[in-house]
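Peer 1: Dropping the structure in here first, questions after.
The values are calculated or read from the model by the stated rules, or taken from the named source; none is laboratory data. As the structure is a computational prediction, the values presented were derived from the model and not from experiment. Here the Cβ is made from the backbone with ideal geometry for all residues, glycine too, and neighbour counts use every protein chain on show. Side chains are part of the model used for accessible areas, which takes the heavy atoms of the whole protein and leaves out ligands, DNA and RNA. Shrake-Rupley method; radii C 1.70, N 1.55, O 1.52, S 1.80 Å.
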Amino acid sequence: MSYLELTAAAKQQIADIALISGYLWERGWAVKNGGNISLEITGEINLRSSDLNPLTYTPLKHPCPDLSQMYFIMTGAGTRMRDVACQPLSHVCVIRISDDGTGYYHIRDEVFNSPAVPTSEMPTHLAIHQFMKKQGGKNRAVLHTHPIELTALTLIPGFCDESRLNKILMSVQPEAVIAIPGGVGLVPFILPGTDQLAEKTVASLRYYPVVLWEKHGCIAIGHKLQDAFDLIDVLNTSAKLFFLCREAGYTPQGLSAQEIENLKKYY
Ligand code: 2HA
Ligand code: ZN
């Protein structure tokens, strides 16, 4: 008998991870091992024994007592989204934060036996889960990916400014205003996987549900993984529309400030 009991809810989360990973690969947002996903699944997983294997314990550089005893499922470091899509159980890992929040146990058994260790962006993922827990809302999903056109916008000198980017992204289609009325955040380029990136991202998430990482990609939060994906999908479509107009030789006229205000009031 397996040591881990995955409830129907946990199985659905794993199916969602596989589905969204496939979308990321198909869109070209997940070249090589780009991007990572994490979901909080406390209450959706049961251990059939209370013995946590001390051999699977890893101390955390930054303890997260707010996440004590919570369970997370995340994509593994170095795993490819196209592989996660086909064989999620072999490319994601389940962790349980220790009672005092100073480390985590990597939960494995004969069924759930992925060799993967947590994503290189785990500092940012855990910092965000800590932030979401403190907020007390419904958000439990974190998605980091490398959307092509959205990232391209952050590469253009003069465009990479929070207010300028919001003006472009929000004005080229009503859907952007409807989906993300408060706009998006921007974090200047910081080395991937670092505590500094985690810190700046959480600071920006206080105001925005999606944060662009300059010259790298973006990260979004949501209740379900699909929610986080939708936000990024809408924003990347805005960036595509912008570039399409530019390629055709035009500067997009976009919605007026009044039209945007009307949309916000109506929805
Ligand atoms: O390779 O995307 O930001 C994983 C990443 C790091
Ligand atoms: Zn990345």
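Peer 1: Determine if the stretch 32-44 includes at least one residue that is under 19 Å from the mean Cα position of the chain (by Cα), charged (D, E, K, R) and within 16 Å of ligand 2 (Cβ to nearest atom).
Peer 2: Taking every residue of the stretch 32-44 in turn, at least one turns out to be under 19 Å from the mean Cα position of the chain (by Cα), charged (D, E, K, R) and within 16 Å of ligand 2 (Cβ to nearest atom).
Peer 1: Which residue out of A127, A116 is at pLDDT 95 or above and out of contact with any Phe, Trp or Tyr (no Cβ under 8 Å at 6 or more places or on another chain)?
Peer 2: Being at pLDDT 95 or above and out of contact with any Phe, Trp or Tyr (no Cβ under 8 Å at 6 or more places or on another chain) holds for just one of A127, A116, which is A127.
Peer 1: Would you check which residues across the stretch 138-183 are under 15 Å from the mean Cα position of the chain (by Cα), open to solvent by less than 20 Å² (accessible area, probe 1.4 Å) and under 23 Å from E40 (Cβ atoms) and list them?
Peer 2: A141, V142, L143, H144, T145
Peer 1: Please go through the stretch 71-82 and pick out each residue that is more than 21 Å from I221 (Cα to Cα) and in contact (Cβ under 8 Å) with a residue 60 or more places away in the chain.
Peer 2: Listed by number, the list holds a single entry, R82.
Peer 1: Please pick out the residue among H216, H223 that is under 30 Å from T119 (Cβ atoms) and away from ligand 2 (no atom under 16 Å from the Cβ).
Peer 2: It is H223.
Peer 1: Of the residues that make up the stretch 198-208, is at least one within 16 Å of ligand 1 (Cβ to nearest atom), more than 12 Å from the chain's Cα centre (by Cα), farther than 19 Å from M74 by Cα and open to solvent by 20 Å² or more (accessible area, probe 1.4 Å)?
Peer 2: Yes - at least one qualifying residue is present in the stretch 198-208.
Peer 1: Determine, yes or no, whether F242 is within 16 Å of ligand 1 (Cβ to nearest atom), of a type outside the set (D, E, K, R) and over 26 Å from K133 (Cα atoms).
Peer 2: No, not satisfied.
Listed here are the residues, each with its yes/no results for (1) outside any loop (DSSP other than H, G, I, E, B); (2) farther than 21 Å from T201 by Cβ; (3) away from ligand 2 (no atom under 16 Å from the Cβ); (4) not hydrophobic (A, V, I, L, M, F, W, C).
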residue: D99; (1), (2), (3), (4): no, yes, yes, yes
residue: Y105; (1), (2), (3), (4): yes, yes, yes, yes
residue: A116; (1), (2), (3), (4): no, yes, yes, no
residue: S120; (1), (2), (3), (4): no, no, no, yes
residue: A127; (1), (2), (3), (4): yes, no, no, no
residue: F131; (1), (2), (3), (4): yes, no, yes, no
residue: K134; (1), (2), (3), (4): yes, no, yes, yes
residue: T151; (1), (2), (3), (4): yes, no, no, yes
residue: G158; (1), (2), (3), (4): no, yes, yes, yes
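Peer 1: How about the stretch 160-191: which of its residues are among the β-branched types (V, I, T) and part of a loop (DSSP other than H, G, I, E, B)?
Peer 2: Those that are among the β-branched types (V, I, T) and part of a loop (DSSP other than H, G, I, E, B): V172, I180, V184, I190.
Peer 1: So, in the stretch 209-230, how many residues would count as being assigned to a helix (DSSP H, G or I), free of Cβ contacts under 8 Å to residues at least 60 places away in the same chain and crowded, with 22+ Cβ neighbours inside 10 Å?
Peer 2: Restricting attention to the stretch 209-230, the residues satisfying the condition of being assigned to a helix (DSSP H, G or I) are 225-230.
Those left that are additionally free of Cβ contacts under 8 Å to residues at least 60 places away in the same chain: 230.
Restricting the remaining residues to those that are crowded, with 22+ Cβ neighbours inside 10 Å gives none.
The total comes to 0.
Peer 1: Turning to a different aspect of this structure: Please enumerate the residues belonging to the stretch 127-149 that are touching a Ser or Thr at 6+ places or on another chain (Cβ under 8 Å) and either small (G, A, S) or more than 13 Å from ligand 1 (Cβ to nearest atom) (or both). Don't jump to the end; show me each part of the working.
Peer 2: To start, the set of residues in the stretch 127-149 that are touching a Ser or Thr at 6+ places or on another chain (Cβ under 8 Å) comprises 127-129, 141-142, 144.
Residues satisfying the conditions are A127, I128, H129, A141.
Peer 1: Still on this structure: Report, ordered by the first and then the second residue, all pairs with beta carbons closer than 9 Å, sequence separation of six or more or different chains, a first member in the stretch 234-260 that is open to solvent by less than 60 Å² (accessible area, probe 1.4 Å), and a second member that is basic (K, R).
Peer 2: N236/R27; P252/R246; G254/K167
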